[in-house]
Amino acid sequence: MVHSGRHFLQIPGPTNVPERVLRAMSRPVIDHRGPEFAQLTTEILRALGPIFQTTGPVVVFPSSGTGGCEAALVNTLSPGDRLLVMETGWFSHIAWRHVAERLSLSVDYLAGSWRRGASASALEARLDADREHALKAVVVVHNETSTGATSRIASLRRVMNELRHPALLIVDTVSSLASIDYRHDEWEVDVTVTGSQKGLMLPPGLSLHAVSAKALAASKSSKFPKSYWDWQAMQKSNQSGFFPYTPATNLLYGLREAIDMLNEEGLANVFRRHARHAAATRAACRAWGLEVLCEEPEEHSNTLTAVVMPDGHSADRFRAVVLEQLDMSLGTGLGKLADQVFRIGHLGSFNDLMLAGTLSGVEMGLRMAGVPHRSGGVTAALEILAKGRSGGDA
Ligand code: PLP
């Protein structure tokens, strides 16, 4: 079917890339060893600190998010080291457990629910039992993109501090940075990993780290062989504004523009916008009589909502109908959630009318696909959106 108008890309990333960023990236490629490029790098690395809420160093790799996960491990650990990966969903498994095991790290995979964030009490019990401090790192996905549950990093950090456990805290913010409040320094995170294609409103292709002093110190004694991912080589080149290899020049133009956009809106407003859109989406689900997968209200994700299909109905068939009839892409169920949930992405460059259109598409799609539901979801969402940004009537 041929569709007019623009496609609705409502997966939880890659997200819609704003015109301003697309235009910034469409400039000619420059010499990545020349003065103009050095200025670009220096500007970007300085501007990224506040986005991670850190005063420490930030590293940018030309890679997908998974590359950033691998890079965090090989820079801080040594072959055979033990680490704890907290199960939250598909990404704790595929981006962390799986990668770590392939690197011959010894992974304790701490069982968790796919309907909640990582449990502070489970972490406490596990770390308390580790009296010899065999665990060298704890890995947590801040916002589990497969389930729509956000883990409370501050409470996990508190547990580690109370037990005086020296493990590094490594946090994946691929689907939360620049969308959900995240504080690298205040929460004493050692490595924060993210990717370019979600809250940062860029195409895929960059992974980024914020790095603590403790993680940098750990990197000095890490025995993993590494070259491309090596922080030391990267930081040495970055000092003069360059990279140890050819960087993703045009994505960096886009990154500078995206950071400007985030600063113009104000990070606090960006977080509030995402929270409002998430609340409106959940209101729609409640009115439709459809279950939101995340069952802990304090952990509802502000960037995506995973919606449980009624028994006997295929989430993938529903998504196929929405794509075919309405030209909208919704997120698929991943891992054990395949065909059981669909995910609505409401992050990145996004506004009230885009959300209204998205939810209208879901409501129409439910009807078209013959999925049992009550009407009124869009109306319930509009009630919230019509209160305006300050929460009151205009
Ligand atoms: N971690 C999380 C939480 C993700 O959502 C993703 C991708 O969506 C990744 C890691 C892996 O990133 P990429 O697909 O860019 O390699």
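Some notes on this structure:
- Of residues in region 283-296 being aliphatic (A, V, I, L, M), open to solvent by less than 20 Å² (accessible area, probe 1.4 Å) and in a helix (DSSP H, G or I), the one nearest to Arg116 (Cα to Cα): Ala283
- Single residue of region 169-182 satisfying the filter (open to solvent by less than 10 Å² (accessible area, probe 1.4 Å) and over 13 Å from Lys198 (Cβ atoms)) that is farthest from the ligand (Cβ to nearest atom): Leu169
- Selection from region 82-101 of residues that are outside any helix (DSSP H, G or I) and of a type in the set (Lys, Arg): Arg82
- Residue match in region 206-222 (condition: under 17 Å from Val58 (Cα atoms), assigned to a loop (DSSP other than H, G, I, E, B) and out of contact with any strand residue (DSSP E or B) (no Cβ under 9 Å at 6 or more places or on another chain)): no
- Search result, residues across region 185-198 that are more than 11 Å from the ligand (Cβ to nearest atom) and closer than 20 Å to Thr66 by Cβ: Val189, Asp190, Val191, Thr192
- The residues of region 327-361 that are open to solvent by 20 Å² or more (accessible area, probe 1.4 Å) and in contact with an Asp or Glu (Cβ under 8 Å, 6 or more places away or on another chain), listed by number, are Thr332, Ala338, Asp339.
- Residues of region 70-93 classified as over 17 Å from Leu156 (Cβ atoms), within 16 Å of the ligand (Cβ to nearest atom) and open to solvent by less than 50 Å² (accessible area, probe 1.4 Å), total: 3
- Residue match in region 317-327 (condition: free of Cβ contacts under 8 Å to residues at least 12 places away in the same chain and either farther than 17 Å from Leu355 by Cα or of a type in the set (Asp, Glu) (or both)): yes
- The lone criterion from (1) assigned to a helix (DSSP H, G or I); (2) within 16 Å of the ligand (Cβ to nearest atom) left unmet by Arg126 is number (2).
- Which listed residue is assigned by TED's automatic domain parsing to the domain that holds Leu127, in contact with a Pro (Cβ under 9 Å, 6 or more places away or on another chain) and assigned to a loop (DSSP other than H, G, I, E, B), from Ser104, Ser78: Ser104
- So Ser179, is it of a type in the set (Gly, Ala, Ser) and assigned to a loop (DSSP other than H, G, I, E, B): yes
- If you go through region 94-119 and keep only what is buried (at least 19 other Cβ atoms within 10 Å of the Cβ), of a type in the set (A, V, I, L, M) and farther than 20 Å from Ser222 by Cα, you end up with Ala95, Leu110, Ala118.
- Yes/no for Gly49 being open to solvent by less than 10 Å² (accessible area, probe 1.4 Å) and either at pLDDT 95 or above or farther than 15 Å from Asp260 by Cα (or both): yes
- Residue count, region 223-250 (criterion: touching a strand residue (DSSP E or B) at 6+ places or on another chain (Cβ under 9 Å) and surrounded by 19 or more Cβ atoms within 10 Å (Cβ to Cβ)): 7
- Count of residues meeting criterion [surrounded by 12 or more Cβ atoms within 10 Å (Cβ to Cβ) and outside any loop (DSSP other than H, G, I, E, B)] in region 14-42: 11
- Residue satisfying all of: in region 104-123; out of contact with any helix residue (DSSP H, G or I) (no Cβ under 6 Å at 6 or more places or on another chain) and over 19 Å from Glu295 (Cα atoms); nearest to the ligand (Cβ to nearest atom) among these: Leu105
- Subset of region 258-282 (residues that are open to solvent by less than 10 Å² (accessible area, probe 1.4 Å), farther than 30 Å from Ser26 by Cβ and either out of contact with any strand residue (DSSP E or B) (no Cβ under 7 Å at 6 or more places or on another chain) or among the aliphatic types (A, V, I, L, M) (or both)): Ala278, Ala280
- Leading residue by the ranking (surrounded by the fewest Cβ atoms within 10 Å (Cβ to Cβ)) among those in region 130-166 that are of a type in the set (Val, Ile, Thr) and touching a strand residue (DSSP E or B) at 6+ places or on another chain (Cβ under 7 Å): Ile153
- Of all residues making up region 362-379, the number that are in a helix (DSSP H, G or I) and surrounded by fewer than 18 Cβ atoms within 10 Å (Cβ to Cβ): 4
The values are calculated or read from the model by the stated rules, or taken from the named source; none is laboratory data. The shown structure was predicted, so the numbers you read here are calculated from the model rather than taken from an experiment. Glycine also receives a Cβ, built like all others from the backbone with ideal geometry; neighbour counts cover every protein chain displayed. What goes into the accessible areas is simple: the full protein's heavy atoms, side chains included, and nothing from ligands, DNA or RNA. Shrake-Rupley method; radii C 1.70, N 1.55, O 1.52, S 1.80 Å.
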